[in-house]
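Q: Shown below is the structure under consideration.
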Amino acid sequence: MQRVFIQRYYLLFSLLCIMTFSSCSWLKSHEDETKSWSASKLYSEAKAELQDGDYETAINYYEKLEARFPYGKYAQQALLDVAYAYWKYDEPESAIATTDRFIKLHPRHPNVDYAYYLRGLIVFPLRRNIFEYIVPQEEADRDASTSLESFQYFSELVQRFPNSRYSEDARYRMGYLRNKVARHALHVAQYYLAKKAYIAAINRAKYILKHFQEAPVSIAALDIMKQAYIALDMPQLAKDTQKVIEKNRTQLIKQKENVL
């Protein structure tokens with residue numbers, strides 16, 4: 001009986017030792033290797049991971065840098081870098097929130113113009129193919145909304161920092177976004193016209209002419225207005241709209257001739 005008890009005791013003791021060593025090994029393997037890193041070390045490692053495309057690790061390092069050294073010389077640049085990392089890691093909400101925080105905290109920082117530029121890039125819609133508009137209406141509306149948001153961000157950059165090295169690209173993107181939103185509004189106007197919602201079609205066409213006069217779809221918007229006026233038995237307004245169409249076409253022809 002005593003021998004059995006001793007054997008069980010040794011077995012239990014052995015199991016406890018194994019569990020203890022295993023626990024120590026587990027803790028050691030999960031120990032935070034960055035806990036003794038300096039701000040310089042954290043920043044350089046985060047930057048290296050960012051350049052290598054390991055955005056998750058880069059974000060982890062940047063967040064630790066900000067938490068441990070919030071007022072150090074690396075903290076400000078780290079905030080811009082982690083915003084970029086969030087964007088590339090497909091976390092646009094976190095990226096926008098971070099750029100907004102940077103602008104609020106450091107409005108006179110030498111690189112604050114980049115924060116404005118990055119905001120526009122984060123929500124900038126990617127170019128699509130021929131099926132761009134063969135999508136559910138809700139998705140198309142979301143796409144137009146992000147285009148407007150991106151346009152506003154770039155516009156703010158250009159207004160505040162007209163000589164920024166990012167402003168030229170921002171202006172180019174604004175032209176693309178302006179035409180994109182105008183095309184979306186034109187599709188909506190065409191939809192209303194097809195559904196015989198003539199007043200809605202006219203109002204949408206007027207919206208295009210008011211906000212996107214230089215967009216290529218402006219003549220198409222005028223044509224929708226003319227068709228709607230004809231359908232509503234308003235011949236004089238239809239006639240006046242046709243005159244505007246002809247005037248605009250003449251101006252476009254002259255512009256093309258001047259270019260040639």
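Q: If we keep just the residues of the range 187-225 that are within 32 Å of the chain's Cα centre (by Cα) and among the β-branched types (V, I, T), which is nearest to R249 (Cα to Cα)?
A: If we take residues in the range 187-225 being within 32 Å of the chain's Cα centre (by Cα) and among the β-branched types (V, I, T), then I219 is nearest to R249 (Cα to Cα).
Q: I'd like the full set of residues that are basic (K, R) and either in contact (Cβ under 8 Å) with a residue 24 or more places away in the chain or closer than 10 Å to L157 by Cα (or both), limited to the range 103-119. Give the steps one after another, and end with the answer.
A: Within the range 103-119, the first condition is being basic (K, R), and the residues that meet it are 104, 108, 119.
Hit for the range 103-119 is R119, nothing else.
Q: Would the range 207-216 turn up any residue that is touching a helix residue (DSSP H, G or I) at 6+ places or on another chain (Cβ under 9 Å), surrounded by 21 or more Cβ atoms within 10 Å (Cβ to Cβ) and not in a helix (DSSP H, G or I)?
A: Scanning the range 207-216 turns up at least one residue that is touching a helix residue (DSSP H, G or I) at 6+ places or on another chain (Cβ under 9 Å), surrounded by 21 or more Cβ atoms within 10 Å (Cβ to Cβ) and not in a helix (DSSP H, G or I).
Q: Scan the range 112-136 for residues that are at pLDDT below 90 and within 16 Å of the chain's Cα centre (by Cα) and report the count. Spell out how you get there, then give the answer.
A: So the first thing to find is which residues in the range 112-136 are at pLDDT below 90, and the list is 125-136.
Then drop every residue that is not within 16 Å of the chain's Cα centre (by Cα), which leaves 125-128.
Number satisfying all stated conditions: 4.
Q: Cβ-Cβ below 8 Å, separation at least six or inter-chain, first residue in the range 137-162 and modelled with pLDDT under 90, second in a helix (DSSP H, G or I) and aromatic (F, W, Y): which pairs?
A: Once the first residue is modelled with pLDDT under 90 and sits in the range 137-162, its partners that are in a helix (DSSP H, G or I) and aromatic (F, W, Y) give A140/Y133.
Q: From the residues in the range 166-206 that are without any contact (Cβ under 8 Å) to a residue 12 or more places away in the chain and not in a helix (DSSP H, G or I), which one is surrounded by the most Cβ atoms within 10 Å (Cβ to Cβ)?
A: Restricting to residues being without any contact (Cβ under 8 Å) to a residue 12 or more places away in the chain and not in a helix (DSSP H, G or I), the top hit is A197.
The values are calculated or read from the model by the stated rules, or taken from the named source; none is laboratory data. The structure displayed is predicted, hence computed values, not measured ones. Using ideal geometry, Cβ is built from the backbone for each residue, glycine included, and neighbour counts are taken over all protein chains shown.
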